[in-house]
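What follows is one structure encoded as structure tokens, with my remarks underneath.
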Amino acid sequence: MFVLSMALFWLPLLGPLVAGFAGGRVAGNARSAMLAVSLPGLVLAGLILFFSTALLGMPLLGVFAGLGAFTLVMAHIAPMAAGALLGGATA
């Protein structure tokens, strides 16, 4: 799902929706599809938090950068989650 959504980045809302639908069909059910949607987003936000804290040397600024990244990742995941629910329900 993540790779397909990155390949369809030029479609602002439809790209993640199509990627979520395709991933939901592959996952087979809605629960597995939602796990497949949320796990890469949480890992990406955690990595940004870790590396921003390590590179800045100031944990408080790293936390703010990580929270900002988490917000952006969750905004990207919302249409993908809707597509995954549809794809998982139709599989």
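If the range 40-91 were replaced by its equivalent ellipsoid, with semi-axes equal to the square roots of 5 times the Cα gyration tensor eigenvalues, what would those be, largest first, whole Å? Provide the component values of the computation, followed by the final result.
On the way: eigenvalues 185, 16, 5 Å².
After scaling each eigenvalue by five and taking roots: 30, 9, 5 Å.
Mind listing the Cα extents of the chain along all three principal axes, in Å, largest one first?
Computed over the chain, the largest-to-smallest principal extents equal 47, 27, 16 Å.
Set the Förster radius R0 to 25 Å, insert the Cβ-Cβ distance between ALA7 and ALA78 as r into 1/(1 + (r/R0)^6), and round the FRET efficiency to 0.05. Walk me through the intermediate numbers first.
On the way: r = 19 Å, r/R0 = 0.75.
Efficiency at R0 = 25 Å is approximately 0.85.
Using only Cα atoms and rounding to the nearest 10 degrees, what angle (0 to 90) does helix 14-27 make with the longest principal axis of the chain?
70 degrees
Under a plain spin-label model, where a point goes 7 Å from the Cα along Cα-to-Cβ, how far apart in nm are VAL63 and ARG31?
3.5 nm
Taking the chain as the reference, fit the longest principal axis to its C-alpha atoms, fit the long axis of helix 59-90 to the helix C-alpha atoms, and give the angle between the two in degrees, 0 to 90, nearest 10.
The helix 59-90 is inclined about 0 degrees to the chain.
Coordinate-derived values only; no laboratory data. As the structure is a prediction and not an experimental result, all values here were calculated from the model. As a convention, Cβ positions derive from the backbone with ideal geometry for all residues, glycine included, and neighbour counts pool all protein chains shown.
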